[in-house]
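Everything below concerns the one structure shown next.
The values are calculated or read from the model by the stated rules, or taken from the named source; none is laboratory data. Owing to the predicted nature of the structure, the values given are computational and were not obtained by experimental measurement. When we count neighbours, we look across all protein chains shown, and the Cβ atoms used for this are built from the backbone with ideal geometry, even at glycine. Side chains are part of the model used for accessible areas, which takes the heavy atoms of the whole protein and leaves out ligands, DNA and RNA. Shrake-Rupley method; radii C 1.70, N 1.55, O 1.52, S 1.80 Å.
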Amino acid sequence: MTDKLMIALKSIGKNKNRNFLTMLGIIIGIASVICILAIGDGFTHTMIKGMGNHNMRNKVIIQWEPTSDYNTDGGFTQNDASALAGIPGVDHVKLTSSVAEAGAKAQYKTKNFSIGLNKQPKHLKLVKGTYFTMTGASNGVYISEDLAHKLFKENAINRLISIDGTIYEVQGIYHIGSMEYRPDAYVAKTTFKQLFANQIIKDQAKIYVNDGASKKQIGKAAVKRMKQMGEEKKTGKYSVSNPDQISKQFTRILNDVTYFIAFIAGISLLIAGIGVMNVMYITVSERRKEIGIRRAFGATSSDIRNQFLIESVVLCVIGGIIGMILGYILVSIINAFLPFKAVITPYAIILSLSVSTAVGLIFGFIPSNKAAKSELVGLLKEE
Amino acid sequence: MLKVTDVGKTYGKFTALENINLEVADGEFLAIMGPSGSGKSTLINILGLLDQSYTGEYLLENKSYKDVNDNQLSQIRGDELGFVFQNFKLLTTYNVYENIEVPLIYSKKEQNKKRQLVADVIDKVGLKGKEKNIPSELSGGQQQRVAIARAIVNRPKLIIADEPTGALDSKTSKEIMDIFTKLNQAGTTIIMVTHDSEVAEYAMRTVYIRDGRLYNDEKSVKNHD
Ligand SMILES: Nc1ncnc2c1ncn2[C@@H]1O[C@H](COP(=O)(O)OP(=O)(O)OP(=O)(O)O)[C@@H](O)[C@H]1O
Ligand SMILES: [Mg+2]
């Protein structure tokens, strides 16, 4: 086999320029294949990793959305949760909220604003005042710079404001960076629990499924059950929350790009194949003498066919390897512009080699067969 | 070694060979002479199993190969026969060693054995030190030695040579014929086509072809005329 490869390499090396031009199609085709697969694989890889982060492996999220913009009360109740937990394959159900803050009215004298508010975090950097963990009884509040300015213009510290009718004393002011998300006010943990937490509707039911259970089926069953007996079915809609929702659009664009590159790859490979066939025809007719000699010295017609087939395959595989290298470079460039990392998997390499081999075999077959079938006496008359 | 009975060959309406009867014994060295276009090459192509479309019967070692398949024919050509051609027919991009190795590529011998066989014949035809040269770097005589080495590397029983000295001067022709004589003395049967009666002298026996017909001596050819 190695000597057969050497024969192939030798005769390819003899016509480097011609063969390189023939390989161009393969190179472009395979480089495209590598890019498609790298982008596709990279995307899937990122998606799966993302899901892993959110522990999506064993959980389905059911979403409740209000039908009316004015009445947003609703969500899942404890009864709903029990109903969902009764679905076969469900391990347990957790109700959560997609919004982290409560809505409230803040008032100072005649000015009043709708604000978002939450329980105070462990740490918070203040621009004014000192930060400490407040008790429920203290009725303190931390407000954002922005809200402080709107309510008091200046000197907000230690002033009193009313939030939903309860009086709070401003303990400190914090800055919200442009890239940062924070509510307008923080109150003590216990205060928040007592007065505001019930306001935050549980609009998500996280359904943890048993190993081996189908998330898809359970998701469907859960939505169906909620549509029948959900306690807030009148005020809202239930649906399976799709974590890839945002990426859907992106996937579509990606698919378009993929089809486009695949199209280029297909065309290049077809043109490449025709080029290979052409160059193999030329090779065969140039080497009639050689074929005659080999036949006279014991080569069977299948030896000859194999020789040219191997040559055609080797030509394509060399093109394929150059294509992979080019593809690798392209992928590195593409990676600079992608929000995820395109990866070249072993599968992509195997596929590229297989495609190259297939092109070599398919388009090399007819010329090789011609070589194998030539009449011996005629061949030996060639010079 | 071989027996030809009533063999004929036509190209369309043209009769290239007619009524050929010939017997060659083991160990014989036969020369075939005749003018250009008389059918010499046509005949030895049949004898060398290179051409299978003829009429009549041809037995090589008492066996007819008329109806055997391509694989078996190739095997016989590779193992039992050795060809030498007028214009050497070497692979121009392969070096001496690689050219001589060609018949071995298609025979099932182990690599070491093959190397040994090539080294032996290179020695035999006096090309030591030229293994790495390509044909264009050799003289005509040296190229024909390469061709002979290639023909004998697989130790064939029968060598078929079509004008082996046709492209060589008389001194070089003599050297080549000395090699042939030695091979023949070592037991190889040789059938050689030649124009040159001096070259034919080396053979044990000479037959003559004229217009596709075979004659056993020059006199009968003249009588025929
Ligand atoms: N493929 C072919 N088609 C038609 N006629 C052919 C073919 N090959 C050979 N011939 C004819 O057959 C005759 C014998 O040819 P052949 O090659 O055997 O001659 P030769 O004796 O070897 O001549 P030379 O000494 O010139 O080599 C010639 O007249 C030639 O024209
Ligand atoms: Mg001739």
Checklist entry - Out of (1) open to solvent by less than 10 Å² (accessible area, probe 1.4 Å); (2) away from ligand 1 (no atom under 12 Å from the Cβ), what's the single condition that is false for B:Ile32? => result (2)
Checklist entry - Which of the residues that make up region B:137-168 are more than 20 Å from B:Ala119 (Cα to Cα), touching a Phe, Trp or Tyr at 6+ places or on another chain (Cβ under 8 Å) and aliphatic (A, V, I, L, M)? => result B:Ile160, B:Ala161, B:Ala167
Checklist entry - Can you find a residue in region B:50-69 that is closer than 17 Å to B:Val207 by Cα, within 14 Å of another protein chain (Cβ to nearest Cβ) and either open to solvent by less than 40 Å² (accessible area, probe 1.4 Å) or within 13 Å of ligand 2 (Cβ to nearest atom) (or both)? => result no
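Filter region B:80-91 for residues that are touching an Asp or Glu at 6+ places or on another chain (Cβ under 9 Å) and at the interface with another protein chain (Cβ under 9 Å from one of its Cβ atoms); which is farthest from B:Lys40 (Cα to Cα)? Outline the logic, then answer.
So in region B:80-91, the residues touching an Asp or Glu at 6+ places or on another chain (Cβ under 9 Å) come out as B:80, B:83-87, B:89, B:91.
From the residues that got through so far, the ones that are at the interface with another protein chain (Cβ under 9 Å from one of its Cβ atoms) too are B:83, B:85, B:87, B:89, B:91.
On the way: B:Phe83: 14, B:Phe85: 13, B:Asn87: 16, B:Lys89: 18, B:Leu91: 24 Å.
Among residues in region B:80-91 that are touching an Asp or Glu at 6+ places or on another chain (Cβ under 9 Å) and at the interface with another protein chain (Cβ under 9 Å from one of its Cβ atoms), the one farthest from B:Lys40 (Cα to Cα) is B:Leu91.
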Next on the checklist: If a residue must be in contact with a helix residue (DSSP H, G or I) (Cβ under 7 Å, 6 or more places away or on another chain) and of a type in the set (Ser, Thr, Tyr), how many such residues does region B:128-169 contain?
Outcome noted: 1
Next on the checklist: Looking for something more than 15 Å from ligand 1 (Cβ to nearest atom), under 16 Å from B:Val193 (Cα atoms) and within 14 Å of chain A (Cβ to nearest Cβ) - is there at least one such residue anywhere in region B:6-28?
Outcome noted: no
Checklist entry - Taking region A:294-310, which residues are open to solvent by 10 Å² or more (accessible area, probe 1.4 Å) and either outside any helix (DSSP H, G or I) or within 14 Å of another protein chain (Cβ to nearest Cβ) (or both)? => result A:Arg295, A:Thr300, A:Ser301, A:Ser302, A:Asp303, A:Arg305, A:Asn306, A:Gln307, A:Ile310
Checklist outcome for this item: Of (1) within 16 Å of ligand 2 (Cβ to nearest atom); (2) surrounded by 22 or more Cβ atoms within 10 Å (Cβ to Cβ); (3) on the phi < 0 side of the Ramachandran plot, B:Asn87 satisfies every one except (2)
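Yes or no, residue by residue, for (1) more than 27 Å from B:Thr92 (Cα to Cα); (2) basic (Lys, Arg):
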residue: B:Asp120; (1), (2): no, no
residue: B:Lys124; (1), (2): no, yes
residue: B:Lys130; (1), (2): no, yes
residue: B:Ala151; (1), (2): no, no
residue: B:Lys182; (1), (2): yes, yes
residue: B:Ala203; (1), (2): yes, no
residue: B:Arg210; (1), (2): yes, yes
residue: B:Tyr215; (1), (2): yes, no
Checklist entry - Given region B:133-225, what helices (runs of 4 or more DSSP H) lie entirely inside it while holding 1 or more residues that are free of Cβ contacts under 8 Å to residues at least 12 places away in the same chain and either within 16 Å of ligand 1 (Cβ to nearest atom) or away from every other protein chain (no Cβ under 14 Å) (or both)? => result B:170-185, B:218-224
